[in-house]
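Just below is one structure, and these are the notes that go with it.
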Amino acid sequence: MAKQRQAEYKCPLEATMDIIGGKYKGVIIGHLIDRTLRYSELQKLISHATPKMLIQQLKELEADGIVQRKLYPVVPPKTEYSLTERGKTLIPAIIELNKWGLSYLKEMNIPCRYKEQNNGAEKI
């Protein structure tokens with residue numbers, strides 16, 4: 001169910017943004033840094049995302065090899081998400097984007113509920 005990728009890109013950043021540029025993809029990756037989360041936990045952390053949109057973004061990240069999904073055969077179904085090895089290579093970029101966002105919000109005097117840890121680089 002991954003979206004159709006271009007046959008050729010004009011620059012590497014275009015390819016990167018095609019993979020992680022979804023509305024919630026960077027946020028999902030940030031929440032999965034160094035931990036595995038159940039779908040319900042992700043839904044609570046990204047409460048402004050509709051269930052349909054969150055599932056779509058997770059499926060695209062899974063199809064692109066960024067996120068892995070583990071389904072447990074129990075009732076009710078239990079699904080866990082974590083970063084793949086390829087997904088983990090995005091961690092430095094996501095942390096830097098997070099730091100940039102914190103700096104921007106501070107500079108623009110925009111409130112944020114995020115609690116800084118390790119200079120804003122620990123958990124997103």
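The values are calculated or read from the model by the stated rules, or taken from the named source; none is laboratory data. Computed from a predicted structure; not experimentally measured. Here the Cβ positions follow ideal geometry from the backbone for every residue, glycine too, while neighbour counts run over all protein chains shown.
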TODO: Please find, among R69, R35, R86, R113, the residue that is farther than 27 Å from R5 by Cβ and either assigned to a helix (DSSP H, G or I) or at pLDDT 95 or above (or both).
DONE: R35
- [ ] Give the residue that is nearest to A93 (Cα to Cα), with candidates limited to residues of the stretch 24-54 that are surrounded by fewer than 15 Cβ atoms within 10 Å (Cβ to Cβ) and among the β-branched types (V, I, T).
- [x] T36
Open item on the list: Being of a type in the set (S, T, Y) and closer than 18 Å to G65 by Cβ is the filter here; which residues of the stretch 25-53 pass it?
Closed with: T36
TODO: Identify all residues within the stretch 5-25 that are hydrophobic (A, V, I, L, M, F, W, C) and in a helix (DSSP H, G or I); write none if there are none.
DONE: L13, A15, M17, I19, I20
Open item on the list: On the basis of being among the acidic types (D, E) and surrounded by fewer than 11 Cβ atoms within 10 Å (Cβ to Cβ), does E85 make the cut?
Closed with: yes
TODO: Name the single residue, out of those in the stretch 38-66 being of a type in the set (G, A, S) and not in a helix (DSSP H, G or I), that is farthest from Q6 (Cα to Cα).
DONE: S47
TODO: Report whether or not P12 is in contact with a strand residue (DSSP E or B) (Cβ under 7 Å, 6 or more places away or on another chain), at pLDDT below 95 and more than 21 Å from R113 (Cα to Cα).
DONE: no
Task: Any chance L61 is under 25 Å from R113 (Cα atoms), within 13 Å of the chain's Cα centre (by Cα) and either surrounded by fewer than 11 Cβ atoms within 10 Å (Cβ to Cβ) or of a type in the set (A, V, I, L, M) (or both) - done: no
